[in-house]
Amino acid sequence: MKTDRKLVWSGIIFLMMGIAMLSGCTGSGEKRSLTVAGSTTVQPIAASAAEEFMKKNPDVIISVQGGGSGTGIKMVAEGSADIGDSSRELKDTEKTEHPDLKPYAIAADGIAVVVHPSNSLGDLTKQQVRDIFAGKIKNFKEVGGPDREIMVIIREEGSGTRSTFEELVMKKGKVANAADALQKPSNGAVKAAVAGNENAIGYIGLGYVDETVKALKIDGVAPSIATIKSGDYPISRKLYMITKGEATGLKKEFIDFVLSDEGQQIVEKAGFIRVT
Amino acid sequence: MVKGVSINSENVVRGALLLFAMTAVLILSLIFVFLLREGLPLFAKVSPIDFIFGTRWEPSKGVFGAFNFIAGSILVTAGGLIIAIPLGLSCAIFLSEVAPRWARNMVRPAIELLAGIPSIVYAAIAVAVLIPFVQYDLGNLIRGEVFRVGEGIFAVSLTLAIMVLPIIISVSLDSMESVPRAFKEGSFALGSTQWQTIRRITLPTALPGIVAGSILGMGRLVGETIVVILVYGNAKHITSTLFGAKSTGETLTAAILLEMSYVPVGSTWHSALFSLGIILLITVFILSLISNYLLSKSRVKL
């Protein structure tokens with residue numbers, strides 16, 4: 001019996017190895033090529049868009065790389081990438097150093113701060129949010145809410161939502177958790193935890209907000225697609241593709257594709273908000 | 001098939017089987033080599049002492065102290081066993097020494113069924129039922145107001161205990177049932193009561209098997225991932241209370257699973273996660289060696 005089972009398993013493993021070996025790559029002929037590099041937040045959008053774009057234009061080959069917004073901007077300014085991805089606006093220093101850089105907003109991104117629906121708290125300032133997530137404010141009554149101790153719920157290290165939240169709210173370099181904060185592995189898990197815990201406060205992407213949790217106004221502005229698009233909601237940002245000078249040729253074709261209805265559907269599928 | 005060939009083909013089959021059997025060993029050693037290759041580069045940047053005893057884990061700053069995770073793994077494993085061993089042992093004693101045949105016939109299949117339930121099911125039930133119960137009901141009962149959170153060492157220990165109970169019961173039961181009848185009959189003949197026989201004869205004879213079962217369970221708990229991710233809270237501190245926000249923590253397995261999808265391959269962070277894996281593998285390896293040793297000892301005795 002025992003040997004039989006081992007035999008079967010070994011067979012399965014060999015089969016899988018065989019399949020792995022057979023699935024190799026094939027070479028390519030003469031092609032127009034485009035290099036896209038930069039923000040890891042934009043990377044999934046750029047990668048899916050590139051995939052679709054290459055399906056439609058078999059003569060085009062697009063390579064999408066990460067590296068971070070700063071790297072992307074630097075690479076496009078120096079000409080080592082055709083398009084730079086950035087999850088922030090150009091800094092003043094970058095604008096003066098490279099005045100010919102042209103950013104195209106391709107998506108918007110906003111994070112809602114949520115509490116249990118029974119929480120009477122409705123409005124926080126950005127500073128209060130910062131203090132709560134840093135563990136300085138420990139009870140909702142300190143910010144005009146009910147007398148409940150606060151349980152902070154955050155995302156795990158490496159999460160894009162977490163790094164966006166830290167960048168936009170906590171200011172760079174400051175870690176967004178008191179040591180007691182719970183870490184949940186997904187937007188859905190944070191929402192479920194907040195929905196089930198009347199002491200909890202957490203943050204999730206706008207797309208995940210529903211009636212099981214209550215999204216707070218920040219600095220008096222409620223999070224919505226409209227307020228994020230307009231930039232009025234404070235915990236929001238736009239994602240950019242940047243070219244050196246006006247986008248032309250293949251660069252323009254690709255950015256136009258991302259801004260087209262089909263491209264914007266990819267943006268939505270990746271969990272962001274469309275801009276056109 | 002021609003008769004004369006069958007001897008040769010038998011050899012071929014034997015050789016093939018040997019090859020397949022060796023692949024299991026080969027894969028195990030490949031896993032170990034791979035873990036070492038991926039994990040060891042960490043120690044060029046972080047000293048092993050800082051890695052094992054450091055309590056700060058901030059990958060973005062290049063600080064990797066795994067002590068919180070190690071402590072978390074030890075605590076949830078201990079918590080699960082503290083609940084499961086007395087419960088499992090009493091259940092095994094009842095089934096093997098006291099229970100009438102019909103009760104045994106009913107309970108045994110149920111226990112085996114329990115062992116087959118995937119841990120995500122236990123985790124889901126804990127999230128839906130146990131966590132709110134601990135936060136609201138136990139909070140009001142113990143503290144007079146709700147706890148800040150229901151996740152934590154209490155909920156996770158209870159869930160893990162239920163999960164590991166079938167292992168402990170069935171291994172203990174097996175080793176108690178294989179205590180020779182003559183031992184017990186001799187004890188009864190000398191005028192011992194049933195309880196005296198259980199305590200002085202059956203339990204000591206079956207002890208190595210019982211310990212081996214517990215260690216087997218311990219191995220399962222150390223490696224358990226989904227339950228601890230969903231029920232332990234993944235807070236980056238060391239558990240210091242039984243309930244409330246300070247009772248949460250994070251284990252080695254949880255840290256690996258939560259962060260693995262984000263790490264750039266080849267980074268220090270990447271090898272730090274693999275080093276957590278090395279700690280886990282070594283722990284489970286040692287536990288299973290001890291368990292095998294004790295099981296073989298209990299067989300020799302019979």
For A:Thr248 and A:Gln265, extending 7 Å from Cα along the Cα-Cβ vector and measuring point to point gives, in nm, a value of 3.3
Note: probe point = Cα of B:Ser192 + 7 Å toward Cβ; backbone nitrogen < 18 Å; residues of the range B:158-176 passing the test are B:173, B:175-176
accessible surface per residue for the range B:206-302, probe 1.4 Å, DNA/RNA/ligands not counted, whole Å² -> 39
Sorted on mean Cβ neighbours within 10 Å (highest first), peptides B:85-95, B:109-119 come out as B:85-95, B:109-119
Amide H contacts under 5 Å for B:Arg148, restricted to residues at least 5 apart in sequence or on another chain and with H modeled in the peptide plane, are B:Ala245
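Sorted from largest to smallest, which semi-axis lengths in Å does the alpha carbon gyration tensor of chain B give for its equivalent ellipsoid, taking the root of 5 times each eigenvalue? Kindly include the intermediate steps, with their values, before the conclusion.
Working: eigenvalues 284, 219, 63 Å².
Here the semi-axes work out to 38, 33, 18 Å.
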Going residue by residue through the range A:253-267, the Karplus relation 6.51 cos²θ - 1.76 cosθ + 1.60 with θ = phi - 60° gives ³J(HN,Hα) values, rounded to whole Hz and with x marking Gly or Pro, of 4, 5, 5, 4, 5, 4, 7, 6, 4, 5, x, 5, 5, 5, 4
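Please sort through the DSSP H helices of chain B and keep those with an alpha-carbon extent of at least 27 Å along the long axis and a Kyte-Doolittle average not below 1.0. Walk me through the numbers on the way to the answer.
On the way: long enough: B:5-39 (50 Å, 1.53); B:67-93 (38 Å, 1.95); B:153-177 (34 Å, 1.92); B:203-223 (30 Å, 1.28); B:268-301 (50 Å, 1.20).
Both cut-offs are met by B:5-39, B:67-93, B:153-177, B:203-223, B:268-301.
Relative contact order, percent, of chain A when contacts are C-alpha pairs under 8 Å separated by at least 6 residues? Kindly include the intermediate steps, with their values, before the conclusion.
Details: 496 pairs, mean separation 68.8, N = 276.
It rounds to 25 percent for chain A.
For B:Ser60 and B:Val284, FRET efficiency with R0 = 51 Å and r from the beta-carbon atoms, rounded to 0.05? Intermediate results must be reported in sequence, preceding the final value.
Numbers: r = 30 Å, r/R0 = 0.59.
The pair B:Val284/B:Ser60 has a calculated efficiency of 0.95.
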Spelling it out for A:Ala107: with amide H atoms placed in the peptide plane at 1.01 Å from N, the residues 5 or more places away or on another chain with amide H under 5 Å from its amide H are A:Leu239
Whole-Hz Karplus couplings 3J(HN,Hα) for the range A:246-252, θ = phi - 60° and coefficients 6.51, -1.76, 1.60, Gly and Pro as x, run 3, 5, 10, x, 4, 4, 5
All alpha-carbon distances of the protein assembly as shown, grouped into 10 Å bins from 0, give the whole-percent distribution 3, 13, 19, 21, 19, 12, 7, 3, 1, 0, 0
Between the modelled labels at B:Leu114 and B:Val12 (7 Å from Cα along Cα→Cβ) the distance in nm is 5.0
Expected vector for the range B:120-131, Karplus 3J(HN,Hα) from phi with 6.51, -1.76, 1.60 and θ = phi - 60°, integer Hz, x for Gly and Pro, equals 5, 5, 4, 4, 5, 5, 4, 5, 6, 10, 5, 5
Within the range B:165-190, the residues whose backbone N lies under 18 Å from a label point placed 7 Å from the Cα of B:Ala103 along the Cα-to-Cβ direction are B:169-170, B:173-174, B:176-177
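Got the relative contact order for chain B handy, in percent, Cα pairs under 8 Å and 6 or more residues apart? Present the calculation step by step, with values, prior to reporting the outcome.
Working: 407 pairs, mean separation 77.2, N = 302.
RCO, chain B: 26 percent.
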Given a Förster distance of 45 Å, the FRET efficiency implied by the Cβ-Cβ spacing of B:Ala21 and B:Arg181, rounded to the nearest 0.05, works out to 0.75
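Rounded to the nearest 100 Å², what's the accessible area chains B and A bury against each other, both chains counted, probe 1.4 Å? Don't skip to the answer; put the middle values down first.
Values: alone 16540 and 14300 Å², together 28320 Å².
For B against A, buried area totals roughly 2500 Å².
Beyond 23 Å, how much of the Cα-Cα pair distribution for the range B:198-302 remains, as a whole percent? Numbers along the way, then the final one.
Numbers: 2563 of 5460 pairs.
Here the tail beyond 23 Å accounts for 47 percent of pairs.
The values are calculated or read from the model by the stated rules, or taken from the named source; none is laboratory data. Note that this is a predicted model, so its numbers are computed, not measured. All Cβ positions, even for glycine, are placed from backbone atoms using ideal geometry, and neighbour counts span all protein chains on display. When the accessible area is computed, the model is the full protein with side chains, heavy atoms only, and any ligands, DNA or RNA have been set aside. Shrake-Rupley method; radii C 1.70, N 1.55, O 1.52, S 1.80 Å.
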